Amino acid sequence: MKRILVCEDEDAIREFVVMNLKRIGYDVVDVNCGEDALATFDAAGGNFDIVLLDLMMPGIDGFTVCKKLREKSSTLGIIMLTARSQEMDKVSGLMMGADDYITKPFSLSELTARVDAIYRRVCMSFIKDEKSPLIHSGPFTLNLKSRTVTKNGALIELTQVEYQIMEYFLNNKNTALDRASILDHIWGDGYFGDDKIVDVNIRRIRMKIEDEPSSPKYITTIWGYGYKWNDQ
């Protein structure tokens with residue numbers, strides 16, 4: 001069963017989300033605060049595929065909940081809900097480990113498209129590729145079977161989005177990839193948002209893989225275009 005935890009303090013929004021996610025086949029558990037979200041997640045042993053998380057709540061805010069959930073699971077799909085249009089809210093949430101964001105107000109079609117896309121990505125984390133399971137580049141080894149990346153033998157903790165971006169790069173070494181192609185490949189061509197989500201995820205990956213994230217040598221920026229993986 002597709003399990004999703006909805007954390008939203010506005011009753012009308014939470015009821016709308018819960019009703020429609022159940023209608024399309026999700027097993028939904030809902031709470032109205034960050035404290036209950038963390039307690040419910042732990043009580044279920046982390047047995048959720050996706051968490052739909054409001055950022056601005058009384059008590060523990062969504063940023064903190066997102067960070068704590070990401071520490072508990074790298075494969076969990078996390079989608080932020082925010083009423084704010086400021087860019088920094090979205091960036092901050094993504095930097096905490098969220099996979100995507102939806103800005104209120106949102107349509108039913110947008111909600112279901114985003115949730116289904118994240119669920120497909122979560123499912124991919126359990127699919128093992130038996131063909132040519134290793135991709136090497138310099139100190140990095142990407143294992144398609146275990147869906148992991150190591151640097152000099154040490155495991156790098158990546159979310160599923162970050163892993164997919166790394167896989168895309170390592171399958172296209174020394175090739176300039178524009179933001180639109182990265183967005184389409186990872187989030188799908190029906191994605192509702194903008195390509196800022198690509199930049200934030202690249203920033204997160206650089207913090208994990210680069211010796212000097214502010215002066216990257218593996219993932220370099222092609223100004224006005226996109227990014228390139230440099231095979232060392």
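Odds and ends about this structure:
- Check on Ile165, under 23 Å from Glu71 (Cα atoms) and touching a residue at least 40 places away in the same chain (Cβ under 8 Å): yes
- Hey, Asp42 of a type in the set (Asp, Glu), within 23 Å of Gln160 (Cα to Cα) and within 12 Å of the chain's Cα centre (by Cα) or not: no
- Residue in region 140-153 that is basic (Lys, Arg), within 19 Å of Glu71 (Cα to Cα) and crowded, with 16+ Cβ neighbours inside 10 Å present: yes
- Scanning region 166-185 for residues that are modelled with pLDDT of 95 or more and of a type in the set (A, V, I, L, M) returns Met166, Leu170, Ala176, Leu177.
- Pairs linking a residue in region 145-159 that is at positive phi to a residue that is outside any strand (DSSP E or B) and surrounded by 13 or more Cβ atoms within 10 Å (Cβ to Cβ), with Cβ atoms under 7 Å and 6 or more positions apart or on different chains, are Arg147/Ser125; Arg147/Tyr163; Asn152/Pro139.
- The lone criterion from (1) in contact (Cβ under 8 Å) with a residue 12 or more places away in the chain; (2) touching a strand residue (DSSP E or B) at 6+ places or on another chain (Cβ under 7 Å); (3) of a type outside the set (D, E, K, R) left unmet by Thr220 is number (1).
- Options Lys67, Lys90: the member that is out of contact with any helix residue (DSSP H, G or I) (no Cβ under 6 Å at 6 or more places or on another chain), assigned by TED's automatic domain parsing to the domain that holds Thr112, at pLDDT below 95 and surrounded by 23 or more Cβ atoms within 10 Å (Cβ to Cβ): Lys90
- Residue selected from region 200-232 under the condition among the charged types (D, E, K, R) and more than 16 Å from Gly97 (Cβ to Cβ), by the criterion surrounded by the fewest Cβ atoms within 10 Å (Cβ to Cβ): Glu212
- Test set (1) at pLDDT 85 or above; (2) assigned to a loop (DSSP other than H, G, I, E, B) - Glu130 fails condition number: (1)
- The set of residues in region 57-93 being among the hydrophobic types (A, V, I, L, M, F, W, C) and in contact with a strand residue (DSSP E or B) (Cβ under 7 Å, 6 or more places away or on another chain) consists of Val65, Cys66, Leu69, Leu76, Ile78, Ile79, Met80, Leu81.
- Entirely in region 9-110, the helices (runs of 4 or more DSSP H) that have 3 or more residues that are within 16 Å of Arg204 (Cα to Cα) and not charged (D, E, K, R): 87-95
The values are calculated or read from the model by the stated rules, or taken from the named source; none is laboratory data. Nothing here was measured: the structure is a model prediction, and the numbers come from that model. Here Cβ is always computed from backbone atoms with ideal geometry, including for glycine, and neighbour counts include all displayed protein chains.
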